[in-house]
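For reference, the structure discussed in these notes is given below.
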Amino acid sequence: MTRSPEILLKGCAHLGEKTLFKNLELQVKAGEWTALLGPSGSGKSTLLRLIAGLATAAEFDGQIQTDDQQRLIGRIGYMAQQDLLLEWAKISDNVTLGSRLRGEIWPSERRDKIIKAVGLSDKADKLPSELSGGQRQRVALARTLLEDKPVILLDEPFSALDARTRADMQDLAASQLAGRTVLLVTHDPGEAVRLCRNIYLLQNEKLVKQTPLAPPFPKPLDDSKALALQAKLLMQIRAGA
């Protein structure tokens, strides 16, 4: 894995006549997890797609820079809200889709290890149609982890999971992505606080950075300071809705 860069996005975005955000400055620190928290429709996924270099319906006026002055193309692993699985391909083939499209071959041992880590070893030869929504989301997570990129963009990666599996997958992602530059989009203050060193709240066209907590990450589920910040963020979201 190459060095994980710091990313700085500055600018404004509009969706038709609606302003998503203006005079925004988002710093995604190198080698750390950063959360982008906010209500639906605030522009979180748009920001993620802009950094990924993907098309969006929004019009963006601004710039995206890295501290090493290198392009982000080829250095990003991206997990969308939808699982985007190929319905005709086995789970094991879906997990290795990115590398196969690039003509690369991942060692089967690493693929099988990641599939086991997300709890789907017994489903490796199944088709996506044979899985639940939560299982499909775990396949998408496994595919992203296998990419092993220095920059990881996650758009609601744990939203379809039950509480226990969500905590387990959060722990897995935190361990697998240690040292990467990670930007996590979520609606869940608890998730943001548990996983992320840096937290931004995007709402009402503005981006507000929250006071960070000290490591370790992920936070224990019963961490009192984390629970207090979670409650504060939830009140801020409700007050700004």
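Of the listed requirements (1) more than 30 Å from residue 24 (Cβ to Cβ); (2) in the same structural domain as residue 30 (by TED's automatic domain parsing), residue 159 misses just one: (1).
So that you can scan it fast, the table gives a plain yes or no per residue for (1) crowded, with 20+ Cβ neighbours inside 10 Å; (2) in contact (Cβ under 8 Å) with a residue 40 or more places away in the chain; (3) on the phi > 0 side of the Ramachandran plot; (4) among the small types (Gly, Ala, Ser):
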residue	(1), (2), (3), (4)
3	no, yes, no, no
8	no, yes, no, no
40	no, yes, no, yes
43	yes, yes, yes, yes
53	no, no, yes, yes
57	no, yes, no, yes
81	no, yes, no, no
85	yes, yes, no, no
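Would the stretch 98-115 turn up any residue that is in contact with a strand residue (DSSP E or B) (Cβ under 9 Å, 6 or more places away or on another chain), surrounded by fewer than 19 Cβ atoms within 10 Å (Cβ to Cβ) and either not in a helix (DSSP H, G or I) or not assigned by TED's automatic domain parsing to the domain that holds residue 181 (or both)? Taking every residue of the stretch 98-115 in turn, at least one turns out to be in contact with a strand residue (DSSP E or B) (Cβ under 9 Å, 6 or more places away or on another chain), surrounded by fewer than 19 Cβ atoms within 10 Å (Cβ to Cβ) and either not in a helix (DSSP H, G or I) or not assigned by TED's automatic domain parsing to the domain that holds residue 181 (or both). Scanning the stretch 194-241 for residues that are under 21 Å from the mean Cα position of the chain (by Cα), of a type in the set (A, V, I, L, M) and not in a helix (DSSP H, G or I) turns up 199, 201, 202, 207, 208, 213, 214, 221. With respect to the conditions (1) touching a Ser or Thr at 6+ places or on another chain (Cβ under 7 Å); (2) at pLDDT below 90; (3) assigned by TED's automatic domain parsing to the domain that holds residue 202; (4) not charged (D, E, K, R), residue 30 falls short on a single one, namely (2). Taking the numbered list (1) surrounded by fewer than 21 Cβ atoms within 10 Å (Cβ to Cβ); (2) in contact with a Pro (Cβ under 9 Å, 6 or more places away or on another chain) in turn, residue 202 passes all entries but (1).
Go through the stretch 105-130 and count every residue that is over 22 Å from the mean Cα position of the chain (by Cα) and either closer than 21 Å to residue 167 by Cβ or not basic (Lys, Arg) (or both).
Number of matching residues: 14.
Please go through the stretch 21-73 and pick out each residue that is aliphatic (A, V, I, L, M), more than 12 Å from residue 153 (Cα to Cα) and touching a strand residue (DSSP E or B) at 6+ places or on another chain (Cβ under 7 Å). Within the stretch 21-73, 24, 26, 30, 37, 57, 58, 64 qualify. Answer yes if at least one residue in the stretch 9-22 is under 21 Å from residue 210 (Cβ atoms), of a type in the set (Ser, Thr, Tyr) and not in a loop (DSSP other than H, G, I, E, B), and no otherwise. For the stretch 9-22, residues under 21 Å from residue 210 (Cβ atoms), of a type in the set (Ser, Thr, Tyr) and not in a loop (DSSP other than H, G, I, E, B): absent. Just one residue in the set 141, 146 is touching a Lys or Arg at 6+ places or on another chain (Cβ under 7 Å), under 28 Å from residue 26 (Cβ atoms) and part of a helix (DSSP H, G or I); that residue is 146.
Residue count for the stretch 137-149 satisfying the condition of being modelled with pLDDT of 95 or more and surrounded by fewer than 19 Cβ atoms within 10 Å (Cβ to Cβ): 0. Looking at the stretch 104-127, is at least one residue under 29 Å from residue 216 (Cα atoms), small (Gly, Ala, Ser) and modelled with pLDDT of 95 or more? Yes, because at least one residue in the stretch 104-127 is under 29 Å from residue 216 (Cα atoms), small (Gly, Ala, Ser) and modelled with pLDDT of 95 or more.
The values are calculated or read from the model by the stated rules, or taken from the named source; none is laboratory data. Here the structure is a predicted model, which means the values were calculated and not measured. Backbone-built Cβ (ideal geometry, glycine too); neighbour counts: all protein chains shown.
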